[in-house]
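The values are calculated or read from the model by the stated rules, or taken from the named source; none is laboratory data. Keep in mind that this is a model prediction, so the values were computed, not measured. Neighbour counts run over all protein chains shown; Cβ positions are idealised from the backbone, glycine included. Heavy atoms of the whole protein, side chains included, go into the accessibility calculation; ligands, DNA and RNA do not. Shrake-Rupley method; radii C 1.70, N 1.55, O 1.52, S 1.80 Å.
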Amino acid sequence: MVGVKMAAPAAASIRDRQTVALKRMLNFNVPHVKNSTGEPVWKIWPRYHLSAAVCERAERHGNHSASDLRNQLYESYYLNFISAISRSKLEDIANAALAASAVTQVAKVFDQYLNFITLEDDMFVLCNQNKELVSYRAINRPDITDTEMETVMDTIVDSLFCFFVTLGAVPIIRCSRGTAAEMVAVKLDKKLRENLRDARNSLFTGDTLGAGQFSFQRPLLVLVDRNIDLATPLHHTWTYQALVHDVLDFHLNRVNLEESSGVENSPAGARPKRKNKKSYDLTPVDKFWQKHKGSPFPEVAESVQQELESYRAQEDEVKRLKSIMGLEGEDEGAISMLSDNTAKLTSAVSSLPELLEKKRLIDLHTNVATAVLEHIKARKLDVYFEYEEKIMSKTTLDKSLLDIISDPDAGTPEDKMRLFLIYYISAQQAPSEADLEQYKKALTDAGCNLNPLQYIKQWKAFAKMASAPASYGNTTTKPMGLLSRVMNTGSQFVMEGVKNLVLKQQNLPVTRILDNLMEMKSNPETDDYRYFDPKMLRGNDSSVPRNKNPFQEAIVFVVGGGNYIEYQNLVDYIKGKQGKHILYGCSELFNATQFIKQLSQLGQK
């Protein structure tokens, strides 16, 4: 794999590295030179979304490459596979090229090792078209065969290997025993070790993408199994990004909203008006999103209001200057012609693009936050969040669980089931059969599907969790009165009736495990974690780390699925650790609705 040296390696994130690799590929796998006048010439491969030579899965699209060679569709081919293509598929392409007398047309074949998706500078997920293959349900199916499990594990390891090739670093691996995470660790250690054995062809030597953030000390890879904490993925949340993912259609950093097309009275019997659909990309270039995605929702509402007030003040200044110059109603082009008349007008004109962008982001976040608020109010999500926080932190409950489940105005059937499952998972002692029957009746009366509970009962019995449930800390949120600001951009956005809950930092189980291993703390929870060093000549079955110094960089990867609540908890944790860096990855990224569906499927009789 050919690499490039990066201008400012210390600041390079995994997103930067993947972007550099993709740009290099689009430049025919030659490092891009800024002063170059030549532009790559591409033809679009008609069957796929990606460019001509990008093959989404080597095993799947190697056959199509061979077919196109036989049909002589193109004059030259640069074949790029995001994972390493197998020897047999490579031979198929070679045979097809020979048969079609097209050997000279195959310019290059590259393994790109880009089989993962970076959603944030410090967050990634597996890249797999068949999400079900690596889902929590797939890994935990009681009827899964050894062969099927091997396929799942190989798929996860393939993506993780690609991740570390792109990162340019060989990690120290830690994992718990007797879990799917251990299976991944064993396979990944073997794959890394085999690659390092061949010094001439190793992907981790020479001029690689690895010169950068992780070059001075090897990173720690903590592989954890989703089953160590099933409560967090079900938890109602209170931070902006996690709420958007929980209650809206949010996928690959794009949120899709349905907006009412109007409130005009329709004639009797008329077909109802269609709702307008809008899509917004929530990306790093959105400064408001970057600043507030981890903030409690009421703070986001207040910040949008402040941004709106700031925008209106700037807009009023532009209008005032237009009035002074006698340009009421004129367009900005007319103003720019007179921009040299006054320093103030010049300043106002130069800020117009920035002002328009500010207005776009205000409209975006007003619409997104309004949609989130509608869910909070309709389902009383603030009540659920606060109650679940108290359950998980063993705080005294001020209301009966049965009362919330039985309240027809509090939440959907899914909200009630999520709440009860968190209670059941977190309980020091499982409820008696009589109490459980009473809860099940209340849940059934509320319209709940009991299949998820059936699975959680089996899981808890198997994991012997009844006597040692996961600990979620001892702090909780505090209600701080009501926030009743009004944000008016054509419609009201009122927080009245919604608790302004202020978050307090508490380490979730995954964060606590990371802290133990990253800081080299002795703790019964992690003392037995297995230790792998792929750079050692011989692998050893040991839980005793050779490295005694705390790690500066770590990657946490959750086998079985992750969520934004866990991600944000790690981000908050590392803020207090100067000079340290964390990346969060998972086999799939699901919200509570998607997770509870998988639990339901597992609980079916």
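Brief remarks on what is shown
- Residues in segment 472-488 include at least one that is among the hydroxyl-bearing types (S, T, Y) and modelled with pLDDT of 60 or more.
Condition check ((1) under 17 Å from L356 (Cα atoms); (2) touching a Lys or Arg at 6+ places or on another chain (Cβ under 7 Å); (3) modelled with pLDDT under 90; (4) open to solvent by 20 Å² or more (accessible area, probe 1.4 Å)) across all residues:
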{"site": "K278", "(1), (2), (3), (4)": "no, no, no, yes"}
{"site": "L282", "(1), (2), (3), (4)": "no, no, no, no"}
{"site": "K287", "(1), (2), (3), (4)": "yes, no, no, yes"}
{"site": "E309", "(1), (2), (3), (4)": "yes, no, yes, yes"}
{"site": "E317", "(1), (2), (3), (4)": "yes, no, yes, yes"}
{"site": "E328", "(1), (2), (3), (4)": "no, yes, yes, yes"}
{"site": "E332", "(1), (2), (3), (4)": "yes, no, yes, yes"}
{"site": "N341", "(1), (2), (3), (4)": "no, no, yes, yes"}
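- Filtered residue count, segment 100-153, keeping only those that are in a loop (DSSP other than H, G, I, E, B), modelled with pLDDT of 90 or more and farther than 21 Å from V556 by Cα: 5
- Subset of segment 243-265 that is open to solvent by 10 Å² or more (accessible area, probe 1.4 Å) and in contact with a helix residue (DSSP H, G or I) (Cβ under 8 Å, 6 or more places away or on another chain) - its residue that is modelled with the lowest pLDDT: E259
- Test: residue in segment 389-412 that is in contact with a strand residue (DSSP E or B) (Cβ under 9 Å, 6 or more places away or on another chain) and modelled with pLDDT of 85 or more: yes
- Residue list for segment 79-101, restricted to those being of a type in the set (A, V, I, L, M), surrounded by 14 or more Cβ atoms within 10 Å (Cβ to Cβ) and more than 28 Å from K23 (Cβ to Cβ): A94, A96, A100
- Boolean, D415 is at pLDDT 95 or above and either in contact with a helix residue (DSSP H, G or I) (Cβ under 9 Å, 6 or more places away or on another chain) or in a helix (DSSP H, G or I) (or both): yes
- Filter result (open to solvent by less than 20 Å² (accessible area, probe 1.4 Å) and either part of a loop (DSSP other than H, G, I, E, B) or in contact (Cβ under 8 Å) with a residue 40 or more places away in the chain (or both)) within segment 394-412: I405, A410, G411
- Residue satisfying all of: in segment 140-168; in contact (Cβ under 8 Å) with a residue 40 or more places away in the chain and among the hydroxyl-bearing types (S, T, Y); surrounded by the most Cβ atoms within 10 Å (Cβ to Cβ) among these: T166
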